[in-house]
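The values are calculated or read from the model by the stated rules, or taken from the named source; none is laboratory data. The structure displayed is predicted, hence computed values, not measured ones. Here the Cβ is made from the backbone with ideal geometry for all residues, glycine too, and neighbour counts use every protein chain on show. These accessible areas exclude ligands, DNA and RNA; they are computed on the full protein's heavy atoms, side chains included. Shrake-Rupley method; radii C 1.70, N 1.55, O 1.52, S 1.80 Å.
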Amino acid sequence: MQFTSNLKKIFIAAFFVIILYLIMAFALQTIGLDNAQLFIKQTGVWSPLVFIALCALSLIIAPLSGSSLFVIGGTLFGRHNAFLLSYIATIIGCSANFCISRKFGRKVVQRFIGKANLDELDKFINRFKNHRSIFYMIIIMPLSQDLISYAIGLTKIKYPHFLIALILSSTIVVSGYVYIGSSILETLIQSK
């Protein structure tokens, strides 16, 4: 029964990801990818700063997902620039999550992530108490960096250990979204 429920969640998530990619491709095709990229260049330093702020905020407000922003960033800013911007945003956003949960505790975290996600977080924290190593954090952080950052903030793990795991795991997560995701998006834009 649990396997069926998890499989259903995976299919629903995959369906929404496909829809999101199609919407982004349609929007960029309508605007024109060259026009969008030219607009980004003309705004100077403001576009990267706004992009970092939006990505970090999408990680702090956990039900949102910064991954779609990483993908579109790779298409608009170029993959290498988007990787750097998304990486910075991830470090800022997840560090903020850690600090919020460490300083303010469960009640404030619930406002950011919702009751249902907090219940899942509790289950995760109970499993996590047995594995406090940096290596374990690196392995699990790609599952959901935003929620796991909140979870780790509710434990006794020190920030420097969390930061090391975040820096290493973010390399994998961000590069996957930026390089692979934006390649898929650009293929969809060109195929229409």
- prompt: Under the condition of being surrounded by fewer than 23 Cβ atoms within 10 Å (Cβ to Cβ) and of a type in the set (D, E, K, R), which residue from segment 140-170 is farthest from the chain's Cα centre (by Cα)?
  reply: 156
message: Taking the conditions exactly as written (over 18 Å from residue 171 (Cα atoms) and at pLDDT below 80), does residue 113 satisfy them or not?
response: yes
From 71, 45, 50, residue being open to solvent by less than 10 Å² (accessible area, probe 1.4 Å) and either modelled with pLDDT of 85 or more or over 22 Å from residue 163 (Cα atoms) (or both): 71
- request: Would you be able to say whether some residue in segment 97-106 is surrounded by 14 or more Cβ atoms within 10 Å (Cβ to Cβ) and at pLDDT below 75?
  value: no
- request: For segment 171-182, name all the residues that are open to solvent by 40 Å² or more (accessible area, probe 1.4 Å) and in contact with a helix residue (DSSP H, G or I) (Cβ under 8 Å, 6 or more places away or on another chain).
  value: 171, 172, 177, 179
